[in-house]
Amino acid sequence: MEIEIRTSQRVELIDITERAQSILENNTGLLAVYCTHTTAGICVNENESGLKEDIVVLLETLVSHGSYKHDRVDNNADSHLKAILIGNSAIIPMENGRLSLGTWQRLFFCEFDGPRKRKVHFMTIHQ
């Protein structure tokens, strides 16, 4: 299963928990979530606006938009480096057709080179 995401900012975290939940049937097992882009990622964290801003600030502090060798190709090396830090996938347990996330946990698509049209793939692994 694949979903399309349209991002609106260069760097943003988009909660895709409900979209992921909507594809599940009444199964128990694992949900594999995979991002096919080298300048975006997938993570699980809390959907609180201050925390999302803190994550963006942290990534900007660790990897600023600057002078990297890859920038001579398309000026987005920082986006690739941020994606490496976040990662491109997540595995989430599911029980009776529901994601087994913690109380505050949400699934995020992380954009680092937007705005763009992106794809995220889901695969369920049944128990």
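FYI, it's all coordinate maths here, none of it is from the lab. These numbers come from a predicted model, not from an experiment. Virtual Cβ from ideal backbone geometry, glycine too; neighbours counted across all protein chains shown.
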task: Starting from the Cα of Lys117, draw a straight line to each of the lysines and keep only those under 22 Å, dropping any in the same chain fewer than 8 residues away.
output: Lys52, Lys82
- prompt: Using a Förster distance of 25 Å, how high is the FRET efficiency between Glu60 and Tyr34, based on the Cβ-Cβ distance and rounded to 0.05?
  reply: 0.50
task: Return the Cα extents of the stretch 2-126 along principal axes one, two and three, sorted largest first, each rounded to a whole Å.
output: 49, 28, 21
- prompt: Shape call for the stretch 40-102 from the C-alpha gyration tensor, a ≥ b ≥ c root eigenvalues: rounded (a/c under 1.5), prolate (a/b greater than b/c) or oblate?
  reply: oblate
query: So, by mean Cβ neighbours within 10 angstrom, what's the order for 60-70, 30-40 with the highest one leading?
result: 30-40, 60-70
field: aspartates and glutamates with Cα under 12 Å of Lys119, excluding same-chain neighbours fewer than 8 positions away
entry: Glu2, Glu4, Glu111
Cα centroid separation, the stretch 1-32 to the stretch 71-102 (Å): 12 Å
message: How tilted is helix 77-86 with respect to the longest principal axis of the chain? Cα atoms for both, answer in degrees (0 to 90, nearest 10).
response: 30 degrees
- prompt: In the stretch 44-72, which residues have a backbone nitrogen under 12 Å from the label point lying 7 Å from Trp104's Cα in the Cα-to-Cβ direction?
  reply: 45-52
